[in-house]
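Visitor: After the structure tokens below, expect a handful of questions from me.
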Amino acid sequence: MRYCAIRAVMAAAVLAPCAAGAEPQAEVLHWWTSGGEAKAVAVLQQEFAARGGSWTDMPVAGGGGDAAMTALRARVLSGNPPTAVQLKGPAIQEWYEEGVLADISDVAAAQNWEQVLPQAISAHMKCGGTWCAAPVNVHRVDWMWANAEVLAQNGIGMPASWEEFNAAAEKLIAAGITPLAHGGQAWQDATVFETVVLGIGGTEFYRKALIDLDEEALGSDTMTAVFDQMRILRGFVDDNFPGRDWNLATAMVMNGEAAFQIMGDWAKGEFLAAGKVPGEDFLCASTPGDGFLYNVDSFAMFDVGAGDAREGQEILAELIVGPSFQETFNLAKGSIPVRSDVSLDGFDSCAQLSARDMNAASDDAGLLPSFAHGMALRGAQAGAISDVVTAHFNSDMSSEEAVEQLGRAIANSM
Ligand code: GAL
């Protein structure tokens, strides 16, 4: 009922002519505060300003967006939501069900989003048949980044299997180098975990365990093997890992203090922002195994009524999906454009590899939503899994115990 009322208000707003002298407004909540992220979001700010818009920035630091989501909840509960919010996957639907999202179908129709966006991505952006969010990019999560010189000096190539990774790491430890740069935050633990699930279990196992929450898969020997590998990886991080931000872990790889980082390609945004060159200063390869874990950033528009803020939302939505923004933003962010009609000619070899692997994965059912980045599951289930993953990583819990806890946590979260 509430949603119908909002739609009616929005439809009226869309039909009404803009008041003379109106200044489009946008208060934008996001968590893009690292060097590469800030460069990327500045592209949107500049394009918005060029259209006469007035941008109020609401950055909430904290990789993965947990803190931003807490801030969002407080704002919505107080009846004063931001205009546009960096929001992803099923969380978009969760907010839609609260009746607080705006309808941007008019922009989507005018720009033909139905045609220019891949169907799998559009599905996340639609709420009950209307469009409620604008997709920004496609980040890949199952990436491994490495310091080229450290690898060369130690006679190590990019590992093609977890066994190879483990062997390389032992060699690095012997040479006094931290094998794996990692930040001990729940979302970073979950990021590594999902790449191990994909690598050890394969695409079908990933789907069963982390999308379908299939009891058998969650309680399987394969899942035990995944936790075994997590325990091995725990031995490859340095002592100062707890609480470290992801971009500081990337910096450890940049300066040669550590050899590898397992992180989505926003890490590439950090390397690029620091002037590092892919293939020369740093290397990229998918984590061992098949498949492609996608993480699509998007902005959901909240119901802010008619007027300048509504106008701001429409301009933002139009800019975000526009081909020029898609290219400039993604060059800085480390991701690839969400539109398949934007040329990748100006993009680096890692981005080209990402696009190739994404196409190949979608041909053989290996294109999978990231659980760690809120693309696969609703908040309660995703939280239940990452709690167990973090508890295991930060204790001496056995793999068997972790698997048991996983089953219980999922059952309790339903
Ligand atoms: C992800 C987000 C990326 C990047 C990263 C680290 O969840 O999709 O755009 O910002 O967090 O903050």
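Visitor: For region 40-67, give me the residue count where each residue is part of a loop (DSSP other than H, G, I, E, B) and without any contact (Cβ under 8 Å) to a residue 24 or more places away in the chain.
Guide: Count: 0.
Visitor: Would you please name the residue that is nearest to Asp66 (Cα to Cα), looking only at residues in region 355-414 that are part of a helix (DSSP H, G or I) and of a type in the set (Asp, Glu)?
Guide: Of region 355-414, the ones part of a helix (DSSP H, G or I) are 355-363, 379-393, 399-413.
Keeping just the survivors that are of a type in the set (Asp, Glu) gives 357, 363, 387, 400-401, 404.
Working: Asp357: 29, Asp363: 33, Asp387: 13, Glu400: 29, Glu401: 27, Glu404: 26 Å.
Restricting to residues being part of a helix (DSSP H, G or I) and of a type in the set (Asp, Glu), the top hit is Asp387.
Visitor: Determine which member of the set Gly279, Gly235 is at positive phi and open to solvent by 20 Å² or more (accessible area, probe 1.4 Å).
Guide: Gly279
Visitor: Let me ask another. Identify all residues within region 297-336 that are open to solvent by 10 Å² or more (accessible area, probe 1.4 Å), more than 15 Å from the ligand (Cβ to nearest atom) and touching a Phe, Trp or Tyr at 6+ places or on another chain (Cβ under 7 Å); write none if there are none.
Guide: Answer for region 297-336, where residues must be open to solvent by 10 Å² or more (accessible area, probe 1.4 Å), more than 15 Å from the ligand (Cβ to nearest atom) and touching a Phe, Trp or Tyr at 6+ places or on another chain (Cβ under 7 Å): Ile315, Leu319.
Visitor: Still on this structure: Can you name every one of the helices (runs of 4 or more DSSP H) wholly within region 68-143 that holds 2 or more residues which are touching a strand residue (DSSP E or B) at 6+ places or on another chain (Cβ under 6 Å)?
Guide: Fully inside region 68-143 and qualifying: 89-97, 105-110, 119-125.
Every residue, every condition in (1) within 14 Å of the chain's Cα centre (by Cα); (2) polar (S, T, N, Q); (3) at pLDDT 95 or above, yes or no:
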residue	(1), (2), (3)
Gly64	yes, no, no
Gly99	no, no, yes
Trp113	no, no, yes
Trp131	no, no, yes
Val138	yes, no, yes
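Visitor: So, one more: Exactly one of (1) over 30 Å from Ser413 (Cα atoms); (2) in a loop (DSSP other than H, G, I, E, B); (3) within 15 Å of the ligand (Cβ to nearest atom) is unmet by Ala351. Its number?
Guide: Failed condition: (2).
Visitor: Exactly one of these conditions fails for Thr250: (1) within 18 Å of the chain's Cα centre (by Cα); (2) open to solvent by 10 Å² or more (accessible area, probe 1.4 Å). Give me its number.
Guide: Among (1) within 18 Å of the chain's Cα centre (by Cα); (2) open to solvent by 10 Å² or more (accessible area, probe 1.4 Å), Thr250 violates only (2).
Visitor: Can you tell which of Thr195, Thr191 is in contact with a His (Cβ under 8 Å, 6 or more places away or on another chain), surrounded by 24 or more Cβ atoms within 10 Å (Cβ to Cβ), in the same structural domain as Asn154 (by TED's automatic domain parsing) and of a type in the set (S, T, N, Q)?
Guide: Within the list Thr195, Thr191, the selection yields Thr191.
The values are calculated or read from the model by the stated rules, or taken from the named source; none is laboratory data. Values in this document were obtained by computation on a predicted structure and should not be read as measured data. As a convention, Cβ positions derive from the backbone with ideal geometry for all residues, glycine included, and neighbour counts pool all protein chains shown. Each accessible area value is taken on the protein alone, full model and side chains, heavy atoms only, with ligands, DNA and RNA left out. Shrake-Rupley method; radii C 1.70, N 1.55, O 1.52, S 1.80 Å.
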